[in-house]
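Contents: one structure, followed by commentary.
The values are calculated or read from the model by the stated rules, or taken from the named source; none is laboratory data. As the structure is a prediction and not an experimental result, all values here were calculated from the model. Cβ placement follows ideal geometry from the backbone for every residue including glycine, while neighbour counts extend to all protein chains displayed.
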Amino acid sequence: VDARSENLQTPLMWAATRGQLKVAKVLLEAKADPHAQDSVGASPFILAVQHSQIGVLLLLFALCKHSELFASKDCKGCGALHWAAYKGDEPSLQLLEYFSADFHAVDNEQMTLLHRAAQGHQDRIIPFLLERGVDPSAVDNQGRTCLEVAQQVSAKSATARRLARLL
């Protein structure tokens with residue numbers, strides 16, 4: 001049930017990516033590992049967020065310990081929240097908030113959710129993150145704020161302009 005592909009992905013990871021809720025449920029009932037990680041450290045939980053699969057996220061929350069799901073990090077230390085911010089996925093962010101996710105989390109590079117949103121050009125979720133108390137003045141391990149990250153990605157980006165207006 002936990003056979004691995006070349007990139008170490010499992011059938012549960014593929015079900016999570018594709019939003020195959022019935023398949024994911026059968027695999028979990030057959031004792032598939034919900035915490036398995038692929039070659040870049042992504043778990044089924046992270047993959048479900050990366051592909052906006054809310055149904056799979058709800059299934060994982062129903063069948064797994066929430067603290068273990070939130071502890072899942074990829075090779076850069078990014079968890080589900082970082083990925084939802086990077087993708088600009090407000091429904092996933094709202095769901096993760098409902099289940100008490102830590103919006104002050106930082107990854108291995110000390111990047112906040114605002115840093116990752118800036119990298120992903122996700123200007124429309126900036127107000128949502130600011131309302132949840134994500135610190136816009138926090139610096140990453142290179143000493144950059146989220147505004148500086150946005151400006152480095154593209155000085156003319158909507159994300160940089162919105163951050164500059166809001167801060």
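Tabulated results
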{"read-out": "Some residue of segment 113-133 being of a type in the set (S, T, N, Q) and surrounded by 14 or more Cβ atoms within 10 Å (Cβ to Cβ)", "value": "yes"}
{"read-out": "Pairs where the first residue, in segment 12-34, is free of Cβ contacts under 8 Å to residues at least 40 places away in the same chain and under 11 Å from V1 (Cβ atoms) and the second is surrounded by 15 or more Cβ atoms within 10 Å (Cβ to Cβ) and of a type in the set (S, T, N, Q), C-beta under 8 Å, 6+ apart", "value": "A32/T10; D33/T10"}
{"read-out": "Flag for Q94 being under 27 Å from R161 (Cα atoms) and modelled with pLDDT of 95 or more", "value": "yes"}
{"read-out": "Qualifying residue in segment 145-167 (condition: in a helix (DSSP H, G or I), closer than 18 Å to D89 by Cβ and without any contact (Cβ under 8 Å) to a residue 12 or more places away in the chain)", "value": "no"}
{"read-out": "Scan of segment 59-72 for residues that are in contact (Cβ under 8 Å) with a residue 24 or more places away in the chain and either hydroxyl-bearing (S, T, Y) or in the same structural domain as F103 (by TED's automatic domain parsing) (or both), ordered by number", "value": "S72"}
{"read-out": "Residues (more than 11 Å from the chain's Cα centre (by Cα) and among the small types (G, A, S)) located in segment 44-79", "value": "G55, A62, S67, A71"}
{"read-out": "Scan of segment 62-80 for residues that are surrounded by 13 or more Cβ atoms within 10 Å (Cβ to Cβ), assigned to a loop (DSSP other than H, G, I, E, B) and among the charged types (D, E, K, R), ordered by number", "value": "K73, D74, K76"}
{"read-out": "Qualifying residue in segment 38-61 (condition: part of a loop (DSSP other than H, G, I, E, B), touching a Ser or Thr at 6+ places or on another chain (Cβ under 6 Å) and not aliphatic (A, V, I, L, M))", "value": "yes"}
{"read-out": "Residue that is surrounded by the most Cβ atoms within 10 Å (Cβ to Cβ) [pool: residues in segment 149-159 that are within 22 Å of K76 (Cβ to Cβ) and more than 21 Å from the chain's Cα centre (by Cα)]", "value": "Q151"}
